[in-house]
C-alpha cells in the first residue's frame, strides 16, 4: 500500500471533500477512503440526506412562443450592427475625424509660424548691434582664442624688445649684430605663423603690423654679408622702426588688456616715448 | 417571421453583418433554457423573465466579442447567470436596507429560526417547509446561492461554475462548500425530527 493511501486511511475526510463526493466530484483517494472508513461513510450519507432536503426547483415550462415573446420585447431596443465590410476609410472621413484633423493642422501652422517669426525677430535684433560696433561677424583672434592671444602677446613682446635693441644699436658696434640676426630669424618664423593665424579675423591693424614686422625681420635675418653696422643704420632709417615699434606697443597693450581695436589714430597717445 | 434553420454561428454572422432579425432566431432558440436557470436562481417568474431579457440584450451588445470557437448556448448561459447574480444582489441589497440589522452568526441564525416560533414540527404540519428552505437559501450570499443552484440543480461542474461566475475553480468550490455548510445549519431542525 502506498504512503498516500495509508495517509488517506488515517485522515478522515473534510466536509469540503464530502461535498465534492456528494456531487460526484472529488479525488479517487477520497472516494476510496469513504468506501473504507465507516465514520466518513456515515457522515457522507448524512450529507447526502441533508442535500436531498433541498429539492430541485422545477421551473414553469416555456415553449417557443416564449422566445418569440422575449424577442418582440427586446427587438425594438437593439440597434442594427454596421455591416462588417463597410470600408474603414469612411470612418476617417467622418465629421468628427475631419474636425479633429483640422484643429491639429491649425495648431501645427500656428506653431510653425511662431517659430519662424521668432527666428526672424532674433536676426533683426542682431543686425543693428553689429552695425553700431562696426565689428565683423567674427571676433578678433585675441577675443575668441585664448591660446592664440597668449602666443601672439609673447611674440609681440619679443618683437618689441628686438625693435628697441635695433633702435638703440650702435651702427659702429658689431657686438649686437649676431644676436639681433639670430633673434630676428627666430621671430621671423613665429611672425609668419601669427600672420597666418590672423588671416580672416579681419583685424587690419594687427595684420598690417605683422606684415611690416615680417619685412623688417626678413631684412634682419637675411641681410647679405651679415648684420653689420651699415645694415643696422639702413634698417633704422628705411624700415621706420620707430613707427613699427609704436604699432607693436599699441597692439601688445591692446591684446594684453583685451581692449578691442580702435579706429585709426585712437592710440596715438600711447607709446610716444620709448 | 424568422428564417429558422440557420445554426447559431450563421445567425451571429448575419447579425454582425447588419441582419438584426437573425438575432431573433437565437432568442427563440435559447430563451427556454435561460428561463430555467434564471428561475432556479431568482425563485420567481417575473425576475426570471427580466433576467432572460437582460441576458439577450447584453449578449447582443457584446456579440462582437463572441469567439467562433465557443458555443453560443454556453456563452449566453454564462451571461444569464451573471444577470441573475446581479438581480439577486440587488434584491438582497434592498432587503438589507429594509432590515434594521442582520446577524450573520450561524448559531444566532439558528436561534433566530427557533425564535420565530416556527419549530420543525409546526413547520411540517403547517406546510411551511418550503418557506424554511427558501429562508435558508436567502441567507446565502448571492455568489453562494448562485454556485449552489448551478451545482445542485443545474448539475454544473466546479469548472463550469467558476467560468459562469468569472472566478477560479477553487473559489467556486469554496462557494459551493460554504453554501452547503450554511444550508445544513439552517435545515438542522428538519434533520433532528426526521
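The values are calculated or read from the model by the stated rules, or taken from the named source; none is laboratory data. All values derive from a computational prediction rather than experimental measurement. Cβ placement follows ideal geometry from the backbone for every residue including glycine, while neighbour counts extend to all protein chains displayed.
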How about the stretch A:199-234: which of its residues are under 19 Å from residue A:182 (Cα atoms) and surrounded by 22 or more Cβ atoms within 10 Å (Cβ to Cβ)?
A:210, A:213, A:216, A:217, A:220, A:227, A:232
Selection from the stretch B:32-53 of residues without any contact (Cβ under 8 Å) to a residue 12 or more places away in the chain, in a helix (DSSP H, G or I) and more than 7 Å from every other protein chain (Cβ to nearest Cβ) yields B:46
Does any residue of the stretch B:19-31 turn out to be facing chain A (nearest Cβ under 10 Å), modelled with pLDDT of 90 or more and closer than 26 Å to residue B:172 by Cα?
yes
Looking at residue A:217 and the list (1) in a helix (DSSP H, G or I); (2) more than 51 Å from the chain's Cα centre (by Cα), which single condition is not satisfied?
(2)
Residues that are more than 19 Å from the chain's Cα centre (by Cα) and within 10 Å of chain A (Cβ to nearest Cβ): does the stretch B:54-61 have at least one?
yes
Subset tally (residues that are modelled with pLDDT of 70 or more and surrounded by 10 or more Cβ atoms within 10 Å (Cβ to Cβ)) for the stretch A:122-171
22
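For (1) under 24 Å from residue A:52 (Cβ atoms); (2) touching a residue at least 40 places away in the same chain (Cβ under 8 Å); (3) more than 12 Å from the chain's Cα centre (by Cα), each residue gets a yes or a no:
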{"site": "B:145", "(1), (2), (3)": "yes, yes, no"}
{"site": "B:150", "(1), (2), (3)": "yes, yes, no"}
{"site": "B:155", "(1), (2), (3)": "yes, no, yes"}
{"site": "B:158", "(1), (2), (3)": "yes, no, yes"}
{"site": "B:163", "(1), (2), (3)": "no, yes, yes"}
{"site": "B:170", "(1), (2), (3)": "no, no, yes"}
{"site": "B:176", "(1), (2), (3)": "yes, no, yes"}
{"site": "B:181", "(1), (2), (3)": "yes, no, yes"}
{"site": "B:184", "(1), (2), (3)": "yes, no, yes"}
Sole exception among (1) more than 7 Å from chain B (Cβ to nearest Cβ); (2) touching a helix residue (DSSP H, G or I) at 6+ places or on another chain (Cβ under 7 Å); (3) assigned to a loop (DSSP other than H, G, I, E, B) for residue A:81, by number:
(1)
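Could you list, in sequence order, all residues of the stretch A:44-57 that are part of a helix (DSSP H, G or I), buried (at least 16 other Cβ atoms within 10 Å of the Cβ) and within 11 Å of chain B (Cβ to nearest Cβ)?
A:47, A:50, A:51, A:53
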If we scan the stretch B:186-194, do we find a residue that is under 16 Å from residue A:47 (Cα atoms), more than 7 Å from chain A (Cβ to nearest Cβ), out of contact with any strand residue (DSSP E or B) (no Cβ under 9 Å at 6 or more places or on another chain) and without any contact (Cβ under 8 Å) to a residue 24 or more places away in the chain?
yes
Here are the criteria: (1) in a helix (DSSP H, G or I); (2) more than 10 Å from chain A (Cβ to nearest Cβ); (3) modelled with pLDDT of 90 or more. Tell me which single one residue B:180 does not satisfy.
(2)
Quick check on my filter: what residues within the stretch A:23-43 are within 9 Å of chain B (Cβ to nearest Cβ) and part of a helix (DSSP H, G or I)?
none
Do we find a residue being modelled with pLDDT of 90 or more and in a loop (DSSP other than H, G, I, E, B) anywhere in the stretch B:114-125?
no
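Yes or no: residue A:13 under 30 Å from residue B:134 (Cα atoms) and either touching a residue at least 40 places away in the same chain (Cβ under 8 Å) or more than 9 Å from chain B (Cβ to nearest Cβ) (or both)? Spell out how you get there, then give the answer.
Values: under 30 Å from residue B:134 (Cα atoms): yes; either touching a residue at least 40 places away in the same chain (Cβ under 8 Å) or more than 9 Å from chain B (Cβ to nearest Cβ) (or both): yes.
So residue A:13 passes the test.
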